[in-house]
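J.: Could you have a look at this structure, given as structure tokens, before my questions?
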Amino acid sequence: MKKYVSYITIVCISFFIGCDDIIEDDITNDLVTITAPEDMEQIEGNSVQFRWNGIDGADEYRIQINNKISNSVILDSLVNTTLFNYTMNPGSYLWRVRGENFAYQTAYSFNSDFTVIPSIDLSDQVVTLESPLNEEFLNNTDITFSWQPISTATSYKIKISKIEGSIETLIFDNEGNDINSTSITIGNSVIPEDARYKWEIQAINASSMTMFFSNFFSIDTQNPPEPVLTEPTTGQTGSVNQEISFKWTYTDTGAITSGITSKIQIATDDSFNNVIETNSNPLTTNEYTFTFTVADTYFWKVKGEDDAGNSGEFSEANQIIIN
């Protein structure tokens with residue numbers, strides 16, 4: 001199939017850097033062909049592998065899955081491979097895929113109709129963990145663990161381990177106490193301290209079981225430390241219409257050090273009754289720039305909030321004089 005090349009010009013801001021062209025293949029008239037699941041295919045179990053033939057010039061592929069009965073969208077996602085694994089409940093579905101690059105996209109493939117049917121054999125099926133998310137930070141040790149059901153499972157087993165370096169120590173399992181639902185709440189008697197943990201779920205029936213599926217999470221109940229303001233130093237001067245860079249540091253000594261975002265306030269008084277500037281979104285770097293348009297004496301302070309949801313105290317205020 002003949003390719004047409006598009007030249008998309010990028011507008012360059014710098015006076016010293018020339019403009020370059022991005023060359024993208026025109027894939028508009030190409031077609032992605034499905035290889036699995038094929039039309040009218042039946043799949044036993046809950047693990048479905050979607051495959052298709054790639055095309056030259058496509059950087060990503062958009063896969064869509066719809067419920068055949070309700071026509072509701074189950075999935076609409078961009079992937080950069082020609083293979084995609086997804087866990088699905090029993091039912092009838094339609095799926096299609098198209099290729100995309102920066103400038104063009106193909107038409108969708110023809111819809112493929114497939115059915116997922118329950119299987120009593122759990123050995124190749126997947127338990128999808130819902131909460132806590134993998135690598136999530138939490139500040140509460142009363143935790144509800146939840147996962148998606150497998151229709152032919154009759155019970156589930158949970159294991160929770162504490163992670164210290166390369167050592168995993170089992171601290172809880174439900175051996176001898178079947179879990180017949182898809183959630184369980186574990187209190188702080190089991191998870192008493194700030195640390196990194198792993199939780200695992202296995203689905204079971206009378207004749208088979210899945211492997212264990214796991215997520216990691218961390219408990220961080222400590223507030224972020226008070227930041228140390230480093231620039232500008234108190235009493236430093238600046239000029240009207242000069243861009244001022246505010247900088248600070250944190251020293252987090254907790255057992256778990258989740259990421260810290262910052263909030264800054266700039267005011268005309270040291271009581272911060274007249275705040276003239278604060279960031280609208282959490283700052284992910286320890287720096288903020290601001291340009292003063294009026295000569296005056298100003299005060300600034302910063303506080304942190306970590307990924308677990310703990311909020312620290314504001315720092316002591318620094319003063320800056322704008323002439």
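The values are calculated or read from the model by the stated rules, or taken from the named source; none is laboratory data. It should be emphasised that the depicted structure is a prediction, and the values quoted were computed from it without experimental measurement. Counting neighbours? That spans all protein chains shown, and the Cβs are built from the backbone with ideal geometry, glycine included.
J.: Please find, among I63, I27, I55, the residue that is outside any loop (DSSP other than H, G, I, E, B) and aliphatic (A, V, I, L, M).
T.: I63
J.: Cβ-Cβ under 7 Å, sequence separation 6+ or interchain: first residue in region 81-104 and assigned to a strand (DSSP E or B), partner of a type in the set (D, E). Which pairs?
T.: Filtered contacts from region 81-104: L94/D113; G99/D30; E100/D59; E100/E60.
J.: Among the residues of region 258-269, which ones are part of a loop (DSSP other than H, G, I, E, B) and at pLDDT 95 or above?
T.: T268, D269
J.: Is it the case, given these coordinates, that L133 is surrounded by fewer than 16 Cβ atoms within 10 Å (Cβ to Cβ), assigned by TED's automatic domain parsing to the domain that holds A153, at pLDDT 95 or above and not β-branched (V, I, T)?
T.: Yes, satisfied.
J.: Does I244 count as aliphatic (A, V, I, L, M) and either free of Cβ contacts under 8 Å to residues at least 40 places away in the same chain or more than 19 Å from N134 (Cβ to Cβ) (or both)?
T.: yes
J.: For the subset of region 61-80 comprising residues that are touching a residue at least 24 places away in the same chain (Cβ under 8 Å) and charged (D, E, K, R), which member is surrounded by the most Cβ atoms within 10 Å (Cβ to Cβ)?
T.: Ranking the candidates gives R62 first.
J.: While we're looking at this one, here's another question. Check whether at least one residue in region 305-312 is without any contact (Cβ under 8 Å) to a residue 60 or more places away in the chain and either among the polar types (S, T, N, Q) or surrounded by 18 or more Cβ atoms within 10 Å (Cβ to Cβ) (or both), and report yes or no.
T.: Checked against the condition, which is being without any contact (Cβ under 8 Å) to a residue 60 or more places away in the chain and either among the polar types (S, T, N, Q) or surrounded by 18 or more Cβ atoms within 10 Å (Cβ to Cβ) (or both), region 305-312 yields no hits at all.
J.: Sticking with this one: In region 81-102, which residues are crowded, with 16+ Cβ neighbours inside 10 Å, farther than 16 Å from T128 by Cβ and hydrophobic (A, V, I, L, M, F, W, C)?
T.: Within region 81-102, L94, W95, V97 qualify.
J.: Tell me, which residue of region 31-60 that is among the hydroxyl-bearing types (S, T, Y) and touching a residue at least 60 places away in the same chain (Cβ under 8 Å) is surrounded by the most Cβ atoms within 10 Å (Cβ to Cβ)?
T.: Result: S47.
J.: Across region 120-135, what is the number of residues that are charged (D, E, K, R) and either over 18 Å from N85 (Cα atoms) or in contact with a Lys or Arg (Cβ under 8 Å, 6 or more places away or on another chain) (or both)?
T.: Number satisfying all stated conditions: 2.
J.: Does region 281-292 contain any residue that is among the hydroxyl-bearing types (S, T, Y), crowded, with 19+ Cβ neighbours inside 10 Å and under 30 Å from G165 (Cα atoms)?
T.: No.
J.: Failed condition for V275, given (1) in contact with a Leu (Cβ under 7 Å, 6 or more places away or on another chain); (2) within 26 Å of N323 (Cα to Cα), with all others met?
T.: Single failed check for V275: (1).
Each row is one residue, and each column tells you yes or no for (1) farther than 28 Å from G259 by Cα; (2) in contact (Cβ under 8 Å) with a residue 40 or more places away in the chain.
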| position | (1), (2) |
| --- | --- |
| S166 | no, no |
| N174 | yes, no |
| D178 | yes, no |
| E200 | no, yes |
| M209 | yes, yes |
| F212 | yes, yes |
| N215 | no, yes |
| S218 | no, yes |
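J.: Step by step: first the residues of region 290-313, then only those that are more than 28 Å from the chain's Cα centre (by Cα) and not in a strand (DSSP E or B), then the one that is farthest from T278 (Cα to Cα). Which residue is that?
T.: Looking at the filtered set, the residue picked out is A295.
J.: Continuing with the same structure: Every residue in region 30-52 that is assigned to a strand (DSSP E or B) and out of contact with any Lys or Arg (no Cβ under 9 Å at 6 or more places or on another chain), please.
T.: Matches in region 30-52: E41, Q42, I43, E44, S47, V48, Q49, F50, R51, W52.
J.: Confirm whether T141 is of a type in the set (V, I, T) and at pLDDT below 95.
T.: yes
J.: Have a look at S112, S146 and point out the one that is surrounded by 13 or more Cβ atoms within 10 Å (Cβ to Cβ), of a type in the set (S, T, N, Q), in contact with an Asp or Glu (Cβ under 7 Å, 6 or more places away or on another chain) and not assigned by TED's automatic domain parsing to the domain that holds N66.
T.: From the options S112, S146, the qualifying one is S146.
J.: Follow-up question, since we're still on this one. With respect to the numbered conditions (1) modelled with pLDDT under 95; (2) surrounded by 10 or more Cβ atoms within 10 Å (Cβ to Cβ); (3) acidic (D, E), which one is the sole condition not fulfilled by D20?
T.: So the condition that D20 fails would be (2).
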